[in-house]
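Enquirer: Pasting a structure here, questions to come.
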2 protein chains.
Amino acid sequence: MAAASPQNHLQIGGLIFSEMDQIDFTGPFEVLSRLPDSTFTVFSVDGQPLRDQRGLVLTPEKALDQVRRLDVLLIPGGPGQEALMDEEAVLSFIRAQYSGGAWLLSVCTGALICGAAGLLKGVRATTHWRSMHLLPWFGATPVKERVVRDERMVFSAGVTAGIDGALYLASLLRGESVAQQIQLGMEYAPNPLFNSGTPDTAPPDVLHAARRSTGALTEKREGTARRIAEKLGTCEKPVKERLSQ
Amino acid sequence: MAAASPQNHLQIGGLIFSEMDQIDFTGPFEVLSRLPDSTFTVFSVDGQPLRDQRGLVLTPEKALDQVRRLDVLLIPGGPGQEALMDEEAVLSFIRAQYSGGAWLLSVCTGALICGAAGLLKGVRATTHWRSMHLLPWFGATPVKERVVRDERMVFSAGVTAGIDGALYLASLLRGESVAQQIQLGMEYAPNPLFNSGTPDTAPPDVLHAARRSTGALTEKREGTARRIAEKLGTCEKPVKERLSQ
């Protein structure tokens with residue numbers, strides 16, 4: 001595979017969009033921008049600055065139509081993923097990059113954008129724990145792991161899982177030693193004070209509060225996902241709460 | 001302490017600067033911008049957009065002289081920390097915020113900026129593993145932990161440690177349940193593929209390569225740190241390799 005050859009310069013592209021979750025992007029950027037012999041290009045649909053869901057201003061280098069063939073395409077998530085699921089220019093761009101040989105690195109609900117692009121049929125995938133039940137609507141098999149690979153697609157679970165996904169992809173593209181050097185440079189020896197990062201480990205009251213505070217967003221996501229999945233025909237019998245947590 | 005009261009709106013400020021390491025900032029931003037009843041203001045010395053050390057464009061909301069009293073001041077690191085150690089406007093701003101009651105959250109070599117501000121005398125602190133030996137020059141006791149608190153200063157180790165430091169500070173400011181909800185929302189259950197995040201756990205050849213590739217930067221940092229520490233008079237007997245790794 002050409003992209004994985006250490007002889008080739010890697011063209012890496014990171015898609016940013018309004019109302020995204022910035023660390024879905026900045027986490028993998030931290031890793032992938034350190035790959036030897038590579039160029040990282042930040043791009044958005046129109047090439048204009050935008051704000052993430054908490055207001056951080058992010059600025060692209062290019063617009064979508066200025067981006068040529070990539071070896072790696074980073075697709076973050078966050079609430080703004082919904083709007084992109086209806087943007088045919090974005091969806092056909094992702095399809096073309098993947099069929100042209102690019103690796104896809106999906107983070108969080110970036111997986112739903114891949115779903116809308118029709119790339120999840122028969123694929124093992126993961127996403128944020130709050131959206132796992134939406135993956136089968138696009139034909140995917142949800143896997144409750146932090147990083148899931150299927151062919152040239154690497155799926156990360158929610159938000160900060162993008163760092164783990166990017167390190168894994170770095171090891172595939174440039175070898176374990178390079179990935180380990182990047183990890184050491186980033187001093188990535190995480191040691192969270194609490195063990196509250198998944199629905200299985202969080203205290204019940206914390207899980208309840210998190211589910212409640214994201215209820216409206218999740219319902220909206222479900223509506224959009226169902227509509228698009230039905231249009232794609234990947235959604236035979238959506239079972240709403242099958243894997244929801 | 002007023003800042004820790006749940007009744008008070010928290011004013012949080014994040015300093016950004018050219019040649020910083022973006023995730024030193026975007027990691028804690030992800031956590032702290034989610035604190036209930038708070039405002040997060042991104043600022044730089046001159047209020048203009050800038051690039052991090054890998055080229056990511058970051059845009060502040062304000063210039064330094066437009067920032068009023070803060071409850072929390074985030075000070076990231078990265079190579080650009082050196083220039084800030086000579087910027088008296090930045091150093092006196094940090095001193096004034098701290099003496100005015102703000103919490104400081106230092107990430108990576110942000111600790112050296114605090115040192116140049118004269119705030120590390122007799123303080124337990126940490127920083128990136130590559131710069132630990134510089135802390136005593138500013139009168140600090142280096143502590144090999146991922147997050148170190150001394151009074152209203154919270155020090156994070158290198159780069160990604162800012163996420164852990166920010167979650168700890170979130171728990172101090174708004175309680176454990178809020179911090180745990182933020183952690184769950186971020187799905188922060190890190191699971192790196194390799195155990196290469198510290199000099200103690202990285203394979204010897206990886207450590208060797210990382211030390212070599214950062215040799216010039218470390219030497220430059222040492223020169224700047226020594227010059228400033230000698231000016232401050234905090235540097236009685238620098239022992240260059242005392243804690244270096």
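The values are calculated or read from the model by the stated rules, or taken from the named source; none is laboratory data. No experiment lies behind these values; they were computed from the predicted model shown. A quick note on method: Cβ atoms are made from the backbone with ideal geometry, for glycine too, and the neighbour counts reach across all protein chains shown. Side chains included, ligands, DNA and RNA excluded: accessible areas come from the protein's heavy atoms. Shrake-Rupley method; radii C 1.70, N 1.55, O 1.52, S 1.80 Å.
Enquirer: As a test of understanding, state the convex hull volume per residue of the stretch A:51-203 from its alpha carbons, in Å³.
Expert: Numbers: hull volume 20.7 nm³, N = 153.
Residue-normalised Cα hull volume stands at 136 Å³.
Enquirer: Relative contact order of chain B, please, whole-number percent, based on alpha carbon pairs below 8 angstrom and at least 6 residues apart. Kindly include the intermediate steps, with their values, before the conclusion.
Expert: Values: 473 pairs, mean separation 46.8, N = 245.
Value for chain B: 19 percent.
Enquirer: A further question on this structure: In the stretch B:111-245, what percent of the accessible surface is made up of carbon and sulfur (1.4 Å probe, ligands and nucleic acids excluded)? Mind showing how you got there, number by number?
Expert: Details: 2550 of 5300 Å².
Here it works out to 48 percent.
Enquirer: Continuing with the same structure: If I histogram all Cα-Cα distances within the stretch B:44-139 using bins 10 Å wide from 0, what percent of pairs lands in each bin?
Expert: 15, 50, 30, 5
Enquirer: How many percent of DSSP beta bridges within the stretch A:104-245 run antiparallel, rounded to 5? Display every interim value, and only then the final one.
Expert: On the way: 4 of 10 bridges.
Of all bridge pairs located within the stretch A:104-245, approximately 40 percent are antiparallel.
Enquirer: Using +1 at the C-beta of Lys and Arg and -1 at the C-beta of Asp and Glu, which of A:GLN183, A:THR26, A:ALA102 has the Cα lying farthest in the positive direction of the dipole of chain A?
Expert: A:ALA102
Enquirer: For chain B, what is the accessible area per residue in Å² when the probe is 1.4 Å? Before the final figure, lay out the partial values.
Expert: Values: 8940 Å² over 245 residues.
Accessible area per residue, chain B: 36 Å².
Enquirer: If you don't mind, there's one more thing I want to ask. Considering every residue in A:193-204, what mean count of other chain Cβ atoms within 10 Å of its Cβ is obtained?
Expert: Working: counts 12, 11, 3, 13, 11, 5, 3, 1, 4, 5, 5, 0.
Partner-chain Cβ atoms within 10 Å, mean over residues of A:193-204: 6.
Enquirer: Here's something else I'd like to know. Spelling out what I want: for every residue of the stretch B:152-159, take phi, set θ = phi - 60°, compute 6.51 cos²θ - 1.76 cosθ + 1.60 (Karplus), and round to whole Hz; glycine and proline get x.
Expert: 9, 10, 10, 9, 9, 5, x, 6
Enquirer: Measuring label to label, 7 Å along Cα→Cβ, what does B:LYS220 give against each other copy in nm, shortest first?
Expert: With the label placed 7 Å along Cα→Cβ, B:LYS220 yields 4.4 nm.
Enquirer: Follow-up. Any idea which of B:CYS114, B:MET153, B:VAL143 is furthest toward the positive side of the dipole for the stretch B:111-214, if Lys and Arg beta-carbons carry +1 and Asp and Glu beta-carbons -1?
Expert: After comparing all options, I get B:CYS114.
Enquirer: Now for a different question. Based on DSSP, what percent of beta bridges with both residues in the protein assembly as shown are antiparallel, to the nearest 5?
Expert: Values: 13 of 55 bridges.
Counting DSSP beta bridges with both partners in the protein assembly as shown, the antiparallel share is about 25 percent.
Enquirer: Please compute, for the alpha-carbon atoms of the stretch B:37-96, the extent along each of the three principal axes and give them in descending order in Å.
Expert: Largest to smallest, the principal-axis extents are 32, 26, 17 Å.
Enquirer: How big is the dipole moment of the stretch A:11-72 about its Cα centre under a simple scheme where the beta carbon of each Lys and Arg is +1, that of each Asp and Glu is -1, and everything else is neutral? Debye, nearest 20, please. Please list the in-between numbers first.
Expert: Numbers: 6 positive and 10 negative charges, 23 e Å.
Here the stretch A:11-72 has a charge dipole of around 120 debye.
Enquirer: Provide the FRET efficiency to the nearest 0.05 for the A:ALA83-A:GLU176 pair, computing r from the beta carbons and using R0 = 51 Å.
Expert: So the FRET efficiency works out to roughly 0.85.
Enquirer: Using a label position 7 Å from Cα in the Cα→Cβ direction, what is the ascending list of nm distances from B:GLY101 to the same site in the other copies?
Expert: Label point to label point, same position, other copies: 6.2 nm.
Enquirer: With the Cα gyration tensor of the protein assembly as shown giving a ≥ b ≥ c as the square roots of its eigenvalues, does the rule (a/c under 1.5 for rounded; else a/b larger than b/c for prolate; else oblate) give rounded, prolate or oblate? Numbers along the way, then the final one.
Expert: On the way: a/c = 1.88, a/b = 1.50, b/c = 1.25.
Because a/c hits 1.5 or more and a/b exceeds b/c, the protein assembly as shown counts as prolate.
Enquirer: How high is the relative contact order of the stretch B:75-209? Use alpha-carbon pairs under 8 Å, at least six apart in sequence, and give a whole percent.
Expert: Numbers: 199 pairs, mean separation 26.3, N = 135.
Value for the stretch B:75-209: 19 percent.
Enquirer: Let me ask something else. Only protein chains counted, 1.4 angstrom probe. Which residues of the stretch B:117-153 are at least 10 Å² less accessible in the assembly than when their chain is isolated?
Expert: Hits at the 10 Å² cut-off: B:HIS128, B:TRP129, B:ARG146.
Enquirer: Against the globular-protein guess of 2.2 N^0.38 Å, express the Cα radius of gyration of the stretch B:1-76 as a ratio, rounded to two decimals.
Expert: Details: Rg = 12.7 Å, N = 76, 2.2 N^0.38 = 11.4 Å.
Computed over Cα atoms of the stretch B:1-76, the ratio equals 1.11.
Enquirer: Relative to the other copies, what are the label-point distances for A:GLU176, with labels 7 Å from Cα along the C-beta vector, expressed in nm at one decimal and sorted shortest first?
Expert: 3.8
Enquirer: A further question on this structure: Kirkwood hydrodynamic radius (Cα pairs, Å) of the stretch A:122-204?
Expert: Working: mean 1/r = 0.0712 Å⁻¹.
Final number for the Kirkwood radius of the stretch A:122-204 is 14.0 Å.
Enquirer: In square angstrom and rounded to 100, what buried accessible area do you get between chains B and A, total over both, with the probe at 1.4 Å? Don't skip to the answer; put the middle values down first.
Expert: Working: alone 11520 and 11530 Å², together 17900 Å².
The contact between A and B buries close to 5200 Å².
Enquirer: Rounded to the nearest Å, what's the spacing between the alpha carbon centres of the stretch B:62-79 and the stretch A:115-194? Just the number, please.
Expert: That distance is 33 Å.
Enquirer: Then there's this: With n ≥ 4 as the cut-off for DSSP H runs, can you work out [θ] at 222 nm for the protein assembly as shown, using -39500 (n - 2.57) per run divided by the number of residues, rounded to the nearest 500? Please list the in-between numbers first.
Expert: On the way: 16 runs with 172 residues, N = 490.
It lands at -10500 deg cm²/dmol.
Enquirer: Quick one: how many lysine pairs in the protein assembly as shown have C-alpha atoms under 26 angstrom apart, if they're 8 or more apart or on different chains?
Expert: Summing the qualifying lysine pairs gives 25.
Enquirer: So how do A:ARG130, A:ARG68, A:ARG226, A:ARG51 rank on accessible area, 1.4 Å probe, biggest first, that is with the largest at the start?
Expert: On the way: A:ARG130 25, A:ARG68 165, A:ARG226 75, A:ARG51 110 Å².
Largest accessible area first, the list is A:ARG68, A:ARG51, A:ARG226, A:ARG130.
Enquirer: For the stretch B:159-230, what number results from the quotient of the Cα radius of gyration and 2.2 N^0.38 Å?
Expert: Values: Rg = 17.6 Å, N = 72, 2.2 N^0.38 = 11.2 Å.
Scaled against compact globular proteins, the figure is 1.58.
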